[in-house]
Amino acid sequence: MATLRSSTAGVRASAASSPAASVPVSSSLLRLPSARRLRLPSLKLSRSRTHRGAAGAAMMDTAASSYANALSEVAKSNGTLEATVADMEKVDRLFADPAVQSFFANPTVAPEKKREILAEISGSSELQPHTVNFLNILVDMSRIDIIAEIVKEFDACYNHITGTELAVVTSVVDMGEDDVAQIAQTVKRLTGAKKVRIKAVLDPSLIAGFTIRYGSSGSKFIDMSVKKQLDEIASQLDFSSITLA
């Protein structure tokens, strides 16, 4: 997470190297070395096929699924599916920052500048060469703006290939490994999946406790949060007759 935070800060500082960029300018970007050209694995795009993942959801024939399918095929062929899904989780957290989204979606920022920042991000986040190559392709084809959708589609591809059930666990603070393992075993028992992958999300509004969302398109929901308990208590109390002075 520390490398992601530093990468995000770097993008925020560098985002407006173009005069027309919509985020603050920092002269530090001008001092960054140009990204070195790397010999990276080729990535060929193929027409997407309809998959049904462990959750039984059909993948739509969209640009995002086409890119996700291409990346999953490369990762499967070179035996790096697990590492690639970890890469995409890093990318997803990074691009969740509005400043990062704004910079890479800005058409007035030159592709060379975007690739330069991607090289810095990729190095600090230790992304694999084919993941770096993939992100550069998205920049060159002006499709980096749909990275969030691509990540979701890649998750579906990964789940289909590996027979994995994705469970999104939302909590106030990071949960311990033992707690995560117990949740994974519970979801595995409920779904009958071969394996369960936990995706952690932080949400301070829950106050305490956690929620679990899994199943087709997140259709199954378990709420173990304090917020839910307080809402239930509030719904049972009638304060309509109380007048505040």
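The table that follows gives values for the structure above.
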| item | result |
| --- | --- |
| Average projection area in nm² (convex hull over Cα atoms of the stretch 61-162, one quarter of hull surface) | 6.0 nm² |
| Reach of residue 227 by Cα under 22 Å, taken over lysines that are not fewer than 8 positions away in the same chain | 199 |
| List 130, 160, ordered by accessible area with a 1.4 Å probe, largest first | 160, 130 |
| Karplus-derived HN-Hα couplings along the stretch 225-230 (A = 6.51, B = -1.76, C = 1.60, θ = phi - 60°), whole Hz, x at Gly and Pro | 8, 5, 4, 4, 4, 5 |
| Heavy-atom accessible surface of the stretch 61-162: percent carbon and sulfur, 1.4 Å | 54 percent |
| Per residue solvent-accessible surface (Å²) - the stretch 170-224, probe of 1.4 Å | 64 Å² |
| Anchor residue 114: lysines whose Cα lies under 22 Å away (excluding residues fewer than 8 positions away in-chain) | 44, 90 |
| Computed E for residue 228/residue 124 - FRET, C-beta separation, R0 41 angstrom, nearest 0.05 | 0.60 |
| Rule-of-thumb Rg ratio for the stretch 164-237 [Cα; 2.2 N^0.38 Å; N residues] | 1.15 |
| Qualifying lysines (Cα of each under 22 Å from Cα of residue 194; at least 8 residues distant if same chain) | 76, 152, 220 |
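The values are calculated or read from the model by the stated rules, or taken from the named source; none is laboratory data. Note that the coordinates shown come from a computational prediction; the quantities given were computed from them, not determined experimentally. Methodologically, a virtual Cβ is constructed for each residue, glycine included, from the backbone with ideal geometry; neighbour enumeration extends over all protein chains shown. Accessible surface is based on the protein model in full, side chains and every heavy atom, while ligands, DNA and RNA are left aside. Shrake-Rupley method; radii C 1.70, N 1.55, O 1.52, S 1.80 Å.
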